[in-house]
1. Amide H of Y143 versus every other amide H placed in the peptide plane: which residues, excluding those fewer than 5 positions away on the same chain, fall under 5 Å?
2. Sorted by average packing, counted as other Cβ atoms within 10 angstrom per residue and highest first, what order do 223-235, 197-209 take?
3. Rounded to the nearest 5, what % of DSSP beta bridges with both residues in the chain are antiparallel?
4. Reachable lysines from K225, Cα under 24 Å, same-chain residues fewer than 8 places away excluded?
5. Can you give the Kirkwood hydrodynamic radius of region 65-169 from its Cα pairs, in Å with one decimal?
6. Run the numbers for R222 and E206: contour at 0.36 nm per residue of separation, minus the present Cα-Cα distance, in nm.
7. Check T202: other-chain or 5+ apart residues with amide H under 5 Å from its amide H, H built from backbone geometry?
8. Please grab the % of Cα pairs in region 123-233 that end up more than 20 Å from each other.
Amino acid sequence: MEPTLYLLPSTLGATDADLYLPRRVIERLHSLHLFFAEDLRTARRYLKSTGYSGDISALRFRELSEHTSPAEAETLLQELLQEGEAGLLSEAGLPGVADPGNILVALCHRHGVRVAPLTGPSSIFLALMASGLNGQYFTFLGYLPKERQQRIRAIRRIEQESYRSGASQIFIETPYRNDHLVVDLLATCRDDTLLCLAASLTTEKEWIHTRTIREWKKEMPRPGKQPVIYILGRPS
């Protein structure tokens, strides 16, 4: 058997995995015995939510996070080689996209280990699809700076780039800082700039709106502590 790392997508908060994951993903999930994940408790709960009927305590889960050192990643790779196959799980969405799993994926490529990505939901692309903003040319920026003045400077740079290039500027924030980010966006950006907020995608609380900054100022959005994708774009 060729050693293989399967990149296994997870739901974005929806409780019914069958609605958002292809059957092939669930079947592969249930066939593996070794998993790498950012949070092991979340990974176990996720596997259980997909209808896994075996003994989860008999499976092996190994932590792979932003704090994983290169030496620790090498150890994980060796365990994969010994097992023959393993799954890389994301906290939400796709492994390796806004996710530290790319550390292990890169190692696999360097050592000639097969990498097999499986299809699943991505909050980044779902938000872009639904935003009405430029889907031909876009940039994903990850998290903006935590410190407020640095964040404001970053917002100015992002907006300038959207006007210069026309590229949609996609970014995320830790849920407890959502409302602070919204305040800074509305205070910093031009009135005609377009801003999409896409919250709690694929769940019952899903909420997606694209408006100008001027329009948002008339009805201040307060997304609160839920996952949100932000997209800035210049007016068409």
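Just so it is clear, none of the values below were taken in a lab; they were calculated from the coordinates. It should be emphasised that the depicted structure is a prediction, and the values quoted were computed from it without experimental measurement. All Cβ positions, even for glycine, are placed from backbone atoms using ideal geometry, and neighbour counts span all protein chains on display.
1. The list, which skips near neighbours in sequence, is I172.
2. Output ranking for 223-235, 197-209: 223-235, 197-209.
3. 45
4. Output for K225: K146, K205, K217.
5. With all distinct Cα pairs of region 65-169 included, I get 16.5 Å.
6. Value of the extension gain: 4.4 nm.
7. Here nothing satisfies the definition.
8. The answer is 32 percent, as a whole percent.
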